[in-house]
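Down below is the structure, laid out as structure tokens.
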Amino acid sequence: MTIKRIIVCSLGILSFALNTMAARIDTLSVESPKMKKEIKVAVIVPDQALEGEKCPTLYLLHGYGGNSLTWLGIKPELPQMADRDGIIVVCPDGKNSWYWDSPTHADSQYETFVSSELVKYIDTHYSTIKDRKGRAVTGLSMGGHGGMWLSIRHKDVFGAGGSTSGGVDIRPFPHEWKMKEQLGELSKNRQRWDEHTVMTQLDKIQNGDLALIIDCGTGDFFLEVNQKFHEELEKRGIFHDFILRPGKHSSTYWNNSIDYQWLFFKKFFDGYRNNGE
């Protein structure tokens with residue numbers, strides 16, 4: 001595995017980090033053996049981890065059209081938050097993959113990359129808690145789908161999952177975000193679309209398997225699918241946090257919503273750390 005490490009490649013991020021004395025930001029190129037290419041990844045490393053303390057890891061996924069630095073742009077305070085609470089934050093570039101292993105494109109296998117290849121790399125190169133109770137995954141929009149998709153399908157890897165403004169059911173949007181380039185036309189590939197939406201994955205979990213948090217703005221075009229997802233979880237007796245608040249599908253909303261998701265995951269991680277496991 002060949003790795004290129006560049007510390008704080010963006011001058012804007014460098015200035016922010018120096019001015020606030022916050023956590024270190026590494027920008028990496030991590031090789032994916034399955035895709036046979038390198039993937040950009042930003043890692044926010046708190047002082048505690050730099051000093052050798054085992055820290056939990058939050059995998060934070062961007063939305064359609066984003067990249068590994070999207071979340072740092074939306075929430076510039078992330079390095080300070082990481083330092084304050086001793087949490088490593090990992091932001092991979094998932095392209096426009098929806099975090100699937102694409103059935104049609106061998107170079108778009110981001111489920112394997114994030115849930116396996118990247119986790120192994122981070123656990124090898126950083127001072128992490130190497131246990132599902134020390135890992136969580138969440139994201140915005142497409143990344144909200146990814147947070148649910150990866151946590152539900154890989155509950156052995158992640159102990160908690162989240163979604164903010166997530167596309168948790170893709171089927172009402174057959175012509176959007178180039179999904180048909182990976183799945184084919186919905187009308188001709190209905191089974192494939194059914195198999196690649198989070199809404200159909202809930203048979204894989206039971207209550208207590210995961211700590212889950214889902215939120216959405218009341219003015220968001222994903223509001224209806226999030227409400228239906230919440231109702232399906234309730235019907236199955238799967239406990240979860242579900243939050244509706246004013247807001248649209250926007251950076252302003254996510255800048256606020258991540259604060260509540262962060263608190264949720266911190267409490268999840270603290271439950272493990274405080275038990276001395």
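Does Thr218 fit the bill of being within 20 Å of the chain's Cα centre (by Cα), modelled with pLDDT of 95 or more and β-branched (Val, Ile, Thr)? No: the conditions fail for Thr218. Across region 101-116, which residue is nearest to the chain's Cα centre (by Cα) among those that are at pLDDT below 95 and open to solvent by 30 Å² or more (accessible area, probe 1.4 Å)? Among those that are at pLDDT below 95 and open to solvent by 30 Å² or more (accessible area, probe 1.4 Å), it is Asp101. The set of residues in region 2-55 being in a loop (DSSP other than H, G, I, E, B), modelled with pLDDT under 50 and exposed (fewer than 12 other Cβ atoms within 10 Å of the Cβ) consists of Thr2 alone. May I ask you to verify whether Asp203 is in a loop (DSSP other than H, G, I, E, B) and acidic (Asp, Glu)? Against the criterion (in a loop (DSSP other than H, G, I, E, B) and acidic (Asp, Glu)), Asp203 does not qualify. If you go through region 225-265 and pick out every residue that is part of a helix (DSSP H, G or I) and either touching a residue at least 24 places away in the same chain (Cβ under 8 Å) or basic (Lys, Arg) (or both), you end up with 18. Would you call Asp215 of a type in the set (D, E, K, R) and not in a helix (DSSP H, G or I)? Against the criterion (of a type in the set (D, E, K, R) and not in a helix (DSSP H, G or I)), Asp215 qualifies.
Can you tell me how many residues within region 186-196 are open to solvent by 70 Å² or more (accessible area, probe 1.4 Å) and closer than 15 Å to His105 by Cα?
So the count comes out to 1.
The values are calculated or read from the model by the stated rules, or taken from the named source; none is laboratory data. Here the structure is a predicted model, which is why all the values come from computation and not from measurement. We place every Cβ from the backbone using ideal geometry, glycine too, and count neighbours over all the protein chains shown. Ligands, DNA and RNA are stripped out before the accessible areas are found, and what is left, the full protein with its side chains, is counted by its heavy atoms. Shrake-Rupley method; radii C 1.70, N 1.55, O 1.52, S 1.80 Å.
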